[in-house]
Each structure stands twice: as structure tokens, then as C-alpha cells.
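One structure is given below, encoded as C-alpha cells.
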Amino acid sequence: MVRAFIRDTLALAEVELRKLARDPVEILTRAIQPALWLLVFGQVMARLKAIPTGNMAYLTFMAPGILAQSVLFIAIFYGINVIWERDLGILQKLMATPAPRSALVLGKAVSAGVRGTSQAVIIYLLALVLGIPIRMQAGAILAVVGFVLLGSALFSTFSLAVACIVKTRERFMGIGQVLTMPLFFASNAIYPLAIMPQWLHVLARINPLSYQVDALRALMVQGGQSIFGLGTDFAVQLVVLTGLVLVTARLYPNVVR
């Protein structure tokens, strides 16, 4: 039963990745926004020295946050694919298969993770060009990839849940845009928790993106440290992902109604 579940999950992920293979330009266009954040915002704020980051240069502090942002921005709009598939009749065919609903959801989450990994490659290259001290040990890189996969799966599953509720592309796009900025700015991606007002500090603590950034900052750059602990970062994201998969699997049939 477990083998069948894994097979169904990977089969759907393969279908999604074939779409990406046919349109590799999407990867390059997705790289524009993080490049602007690092090359423009990051460079300006580094010169101003307005945000205290201790002994760590601001660009070094910011690079893992921009990777997490890229993962978020790709994954949070992933649910629109479900609405497209419903309108094209593809989703109805998938729902008619014996594959568990959770495998359908998790398969899309896995494919979103691979897209997020492609962003990690781009961010690493940009960081090296900018002279950001990156940890190039194989173990650190593999751990970064693991957290990118986990974060992509989490936010893409959240996106799928939203798509199952709103059901229309226009409404989904509006909600997606409303969600991305609060998630990003109410995290530790571009400024540390220590300088936040108390109410924002509380929001950042319950924001899954903060745990994604915390793990990436500890693993990706030299001198980076985890505030929450890598075990906590992993556990929080895994628990949230598990809950979202279960909820979305229940909601999934609603999108075709």
C-alpha cells in the first residue's frame, strides 16, 4: 500500500515536471525578482547600514531570505494549475483514478519542490557573483535542498487548499497576491526578529516562512546560525505540511464541483 502511494505520488510529480521541461524559460523569468532584490534592494540597504545584523554583512544575512522568498512566490501560486486542469477537464480524469487524493496533492507538492530547487541554483550563482560567503560543503548544500523541497511542498499545498475553496482563477490570483506580502514581511527574511515590534515578532514566530529562513540562514551562508534550532525548523514545517496535505486531500474533490 505504501509502495502504491509512493508510485502514484511520483507519477503525478513526473507529469508536472514534464510541463516544466517543455517550458524552461519559466525558470529564467522566475529568477528576475530575486535578482532584483539582491542586486538593487540588498546593495542599497547594505550601503545604508540601517538594519543591524551583527557581525554578518547585510547581503549575507539577506541571501537565504531571498531564496525562501523565491520558494514562497513560486509555490503560493501553484494552486492556479488545479483550476486550469479543472477547466481543461484534466482534473476530472485524475479524480477518476484509484490514486488516493493525498497522493495527488503530494505529487504536486513534490513537483513544486523541484521548481524551488531550480531557484536555489540561481540564488547560489547570484550570491557567488556578489561575493557572499556561501557554505559549499556537500552536506550543507544537500540540507538546503531538503529544506527548499520542504518549504515548496508546504506553501504549494497551502496554495492548493486555497484553490479548492475559491475555485476561480481571478479570485485565486487576488488572494494569492494578498497572502504573499504579509507572509514575506512578517518573517525574518530581510530583517532580524530582534528589531521587530512585539506584535510583528509574535506573527513571525507563527509564520512557517520564518522557520524556513532560519534553517536556510544557518545552512547556506558562512557564519549563519539558527535561532530556533534546525530540529525545530524541520519539525514545524513538517507538521504544518502534514496537516495541509490532510486538509487539502479532503477539500480536493470540491474543486471539480
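The values are calculated or read from the model by the stated rules, or taken from the named source; none is laboratory data. As the structure is a prediction and not an experimental result, all values here were calculated from the model. Note: ideal-geometry Cβ built from the backbone for every residue, glycine included; neighbour counts use all protein chains shown.
Checking the structure you have, find out if any residue of the range 68-78 is modelled with pLDDT under 80 and either surrounded by 14 or more Cβ atoms within 10 Å (Cβ to Cβ) or touching a His at 6+ places or on another chain (Cβ under 8 Å) (or both).
Among the residues of the range 68-78, at least one is modelled with pLDDT under 80 and either surrounded by 14 or more Cβ atoms within 10 Å (Cβ to Cβ) or touching a His at 6+ places or on another chain (Cβ under 8 Å) (or both), which makes the answer yes.
Check whether at least one residue in the range 133-141 is in a helix (DSSP H, G or I) and either at pLDDT below 85 or under 28 Å from Gly243 (Cβ atoms) (or both), and report yes or no.
no
Can you name every residue in the range 123-133 that is surrounded by fewer than 18 Cβ atoms within 10 Å (Cβ to Cβ) and of a type in the set (A, V, I, L, M, F, W, C)?
Across the range 123-133, the qualifying residues are Leu125, Leu128, Val129, Leu130.
More than 18 Å from Ile122 (Cα to Cα) and at pLDDT 70 or above: does that describe Ile6?
no
Out of the helices (runs of 4 or more DSSP H) lying entirely within the range 152-257, which hold 1 or more residues that are surrounded by fewer than 16 Cβ atoms within 10 Å (Cβ to Cβ) and on the phi < 0 side of the Ramachandran plot?
Where helices (runs of 4 or more DSSP H) fall fully within the range 152-257 and carry at least 1 residues being surrounded by fewer than 16 Cβ atoms within 10 Å (Cβ to Cβ) and on the phi < 0 side of the Ramachandran plot, they are 169-185, 198-205, 230-251.
How about the range 40-58: which of its residues are within 16 Å of Asn188 (Cβ to Cβ) and either among the basic types (Lys, Arg) or touching a strand residue (DSSP E or B) at 6+ places or on another chain (Cβ under 8 Å) (or both)?
Answer for the range 40-58, where residues must be within 16 Å of Asn188 (Cβ to Cβ) and either among the basic types (Lys, Arg) or touching a strand residue (DSSP E or B) at 6+ places or on another chain (Cβ under 8 Å) (or both): just Met56.
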